[in-house]
1. Just want the ordering: C89, C262, from fewest to most Cβ atoms lying within 10 Å of their own Cβ.
2. For region 2-94, what is the Kirkwood hydrodynamic radius in Å, using each pair of distinct C-alpha atoms?
3. Multiply the residue gap between A252 and A439 by 0.36 nm, knock off their C-alpha separation, and tell me the result in nm, one decimal place.
4. When the distances between all Cα atoms of region 318-359 are binned every 5 Å from zero, what whole-number percent does each bin get?
5. Taking only the alpha-carbon atoms of region 255-316, what semi-axes of the equivalent ellipsoid follow from 5 times the gyration tensor eigenvalues under a square root, in whole Å, largest first?
6. Quick one: putting +1 on the C-beta of Lys and Arg, -1 on the C-beta of Asp and Glu, what dipole do you get for the chain around its Cα centre, in Debye to the nearest 20?
7. Can you order the peptides 123-131, 90-98 by their average number of other Cβ atoms within 10 Å per residue, highest first?
8. Among D369, D363, D231, D26, what is the fewest-to-most ranking by other Cβ atoms within 10 Å?
Amino acid sequence: MYRNLRGRPGRVLAAVTVAQFVFALDMSVVNVALPAIRTDLGFAPLDLSWVVHVYALTFGGLLLLGGRACDLYGRRPLLLLGLAVFGLCSLAGGLAQAPWQLVAARAGQGVGAAAAAPAALAMLTATFAEGPRRVRALGVWSAANAAGGALGVLAGGLLTEYASWRWVMLVNLPVVAAALALLPADGPAEATGAAGERPVRSERRERPDVLGAVLATAGVGLLVYGVVRTDVRGWGSPATLGTLAAAVALLAAFAVAETRACAPLLRLGLLRSRWVAGANVLVFLAAAGQFTAFYFVSLYLQQVLGLGAAATGLAFLPFSAGLVAGSVLATRVVAHRTPRAALVPGAVLAAAGLAWFALIGPDGGFLTDVLGPSLVTSVGTGLVLAPVAAAGTTGVAAREAGTASGLLNSSRQLGGCVGLAALATVSAHRTGGATDPAALNDGYATGLAVTAGLFVLAALVAIGVLPRRRPEAPGRPDPLTPAADRPDPAANRLEGTRS
C-alpha cells in the first residue's frame, strides 16, 4: 500500500481499528436513546425511525462508490475525508434543535462512513500481506467492529440515562480525533497486490464509472429504503413491492453496465472467486443474525423484563466480551488453517446460542435467560465475523482492495437492514398486535429462533462454497480466481516499460 507505512503497520492497524469501531458503534448507540430524542426534539412517531434508517440508507447505498473511489483517488485521502465528514456531522447531530437537523446529520454520518469504511479495510489489507500477519490484523479489526456494535447499546444506555441523548452523537468526536491522530502522515507510494504483483503505473488517471456509480447507489439505496420502510408499509404493500422491483431493475442494469465499462465500479469477475462470493454471502447472513439478535434481546430486556436503558446496556457486557473472545480465538485458528475452519464451528455455535435464546420466558431473568445464551451466541458470532474479512479479501489485487472492501461492507449493511426488517415483521405477526409481556415475549422468541436458522445457513454456505485448502502464499496467483480474471504479469511488465 504505502511503502513507509509498512515499516510501522501497528499504527495503521490502530488507526483503522479505531475508525471501524466508531462506525460500528454508531449503528447501535442511537437505538436506546430514541425515546429521549422523540421527547426532546418533538419527533412524530412515524418519523422517529428515520434517525436510524437514514444512516443505514446513506451508508449502505454509497459503500460501493466509496470503495471504488478509494481505489482511484487513494485510501488515505478517502479515509481522512470520510472521518472528517463523520465527525462534523456527529457534532451537528449533537447540537440539533429540530428533527430535520438530526436526520440530516445522520445522513451525513452515513456518507462519511461510506467513504471511510472501505478505505480503512483496504488500507489494512494492503499494509499486511496475505498470511498470518494479515489474519491477526483482520482479527483485531473484526473484534473492534463487533465490539463497537455491542458496546453501542451499553454506551447509549449509560449516556442517555446519566447525561443526555446528545452525547450519543458527541461521543464520536474524541474517537474520530483519536483515529485521525493515529493515522500516519505519509503520502502514497507504490502498492503491492495480494498476489505480489505491482499495479500498472499510468500517466492517465482512470475515468470514474459515473453510470455504474449512479445505478449502484440508486439500486442499493432503493433496496435499503424499501426494506427499512416495511415497518410502516408492510412487505406486501404496492409501495414496498414497487420500490423493491425498481431496486432490482437498477441493480440488473448496473450489472449490464459493468460488463461494458472501461473502468467498472465493480469488476464482476471478482465475484467468481469462491473466497469473495462466499464471504459476502456469509457476512450478509451473519450481519442479519447479529443485528436482529441485538434488537430482540434489547427489547426483551426492556419491554418484558422491565430493565431501564442503563441496565440494558450493562446486560450487553457479556455479549461484548464474548464477541472479542470469539474474534481472538478465530484469529489463532485462521493463522494456521483456512478461514473455513473458524467459520463453520462459529456459525454452528451462534445458531445453538440463538436457539437457546429462543427459550426466553416472560417470567425469566438475566441470569437464567440471558447470560448463558449471550456468551454462546457472541463467541460463535465472533468466530464468524473475524475470519470473514480475511476470506473476502483473499486473492484480491491491491488495485481492487477498496472495491472488495466496499462490497464486503455493503453486504454487511444490507444483511443487517434486510434481516432486521424481515424478522421484525415475523415477530410482529406472531404477537398479533398485543402489547402484554407474554405476547411480546412470544414474538421475540420466534424472531430469535428464525435468527438461529440464518446462522445454520451461514454454516452450510461455509461448507459448500469456501475451499478446504489454505489460500495461496503471497507471490503466487490465487487458483480460485479464474485465469481470465488474473492479472497478466507479462502485460504488466510490458506496460511498465512503456510508462
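No lab work stands behind these numbers, since they all come straight from the coordinates. None of these values were measured; they are calculated from a predicted model. Heads up, the Cβs are rebuilt from the backbone with ideal geometry, glycines too, and the neighbour counts pull from every protein chain shown.
1. The order, fewest Cβ neighbours first, is C262, C89.
2. 15.5 Å
3. Length gained between A252 and A439: 63.2 nm.
4. Whole-percent P(r) values from 0 Å outward: 5, 22, 25, 25, 14, 7, 2, 0.
5. For region 255-316, the semi-axes come out at 42, 12, 9 Å.
6. 1700 debye
7. So the order, starting with the most tightly packed, is 123-131, 90-98.
8. Ascending number of Cβ neighbours within 10 Å: D363, D231, D369, D26.
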